[in-house]
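The values are calculated or read from the model by the stated rules, or taken from the named source; none is laboratory data. Fair warning: this is a prediction, and the values are worked out from it, not measured in the lab. Backbone-built Cβ (ideal geometry, glycine too); neighbour counts: all protein chains shown.
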Amino acid sequence: MELSAATAAVYLQRAFDQILAVADRVGEPGINERPHGPDTNAIAALVAHCCGVSEFWLGHVALGRANHRQREAEFSTELTLAEVHERVAATVAQSLADIEALEAGSGVDEGGRVFLPGEDRSDASVVIHVLEELYQHLGHMELAADALTAR
C-alpha cells in the first residue's frame, strides 16, 4: 500500500488549519504565553516547531535541501498572530510542493531516514512521520489553549 500525495496533502493541510484555529482561538498575546510556567511551550513556539519539523523532514531529509534549522530556538520563538499565519502559509505551500516532488520521485537518501521507526527509508514513511509530529503538537497546542482560556 502506498500513501498518495493527495491524501498526504489533505492531512497536512488539515493539521495546519487546526493549528491556526487554535492560535486564533487564543489570540494575542496568549499565543506567546507559557500556560504552566517557563517549562511549558507557548502556542507560537509550537507553531514555529511544526514549521521547522515540516521543512527539516520533507525538505532536508527527504529531498536533500540544505538544513538551516535551529531546533532549540524554535521553542523560544515569539510571533504575532499575523506572523503565525504567514509562517504557516509559507510552510504549507512548501510542504505541498515537497510532497508532490516526492511523489514524482525526487526523494534522496542522505542516510537520515534510518532514524524512522523500523528503519523504513520510504518517502511515505517520511511524510507519515511529519504528519505524526504535526498532530502530536496540535494536541499540545489544544491543551495549552484550554489552560490559557480557562484562566
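Let's see how each residue does on (1) assigned to a helix (DSSP H, G or I); (2) closer than 23 Å to Y135 by Cβ; (3) basic (K, R); (4) touching a Pro at 6+ places or on another chain (Cβ under 9 Å):
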position: S54; (1), (2), (3), (4): yes, yes, no, no
position: G59; (1), (2), (3), (4): yes, yes, no, no
position: A66; (1), (2), (3), (4): no, no, no, no
position: R69; (1), (2), (3), (4): no, yes, yes, no
position: E72; (1), (2), (3), (4): yes, yes, no, no
position: T77; (1), (2), (3), (4): no, yes, no, no
position: A82; (1), (2), (3), (4): yes, no, no, no
position: A89; (1), (2), (3), (4): yes, yes, no, no
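Rundown of residues vs (1) surrounded by 15 or more Cβ atoms within 10 Å (Cβ to Cβ); (2) closer than 15 Å to A8 by Cβ; (3) not β-branched (V, I, T), yes/no style:
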residue	(1), (2), (3)
R34	yes, no, yes
E72	no, no, yes
L79	yes, no, yes
E83	yes, no, yes
L102	yes, yes, yes
G107	yes, yes, yes
L131	yes, yes, yes
Y135	yes, yes, yes
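With the structure loaded, tell me whether E86 is under 21 Å from I19 (Cβ atoms), more than 15 Å from the chain's Cα centre (by Cα), at pLDDT 95 or above and of a type outside the set (S, T, N, Q) or whether it fails that test.
So E86 fails the test.
Take L12 and decide whether it is of a type outside the set (V, I, T), surrounded by 14 or more Cβ atoms within 10 Å (Cβ to Cβ) and in a loop (DSSP other than H, G, I, E, B). Spelling it out, it is not the case that L12 is of a type outside the set (V, I, T), surrounded by 14 or more Cβ atoms within 10 Å (Cβ to Cβ) and in a loop (DSSP other than H, G, I, E, B). Every test in (1) out of contact with any Lys or Arg (no Cβ under 6 Å at 6 or more places or on another chain); (2) surrounded by 13 or more Cβ atoms within 10 Å (Cβ to Cβ); (3) not in a helix (DSSP H, G or I) is passed by D39 save one, and that test is (2).
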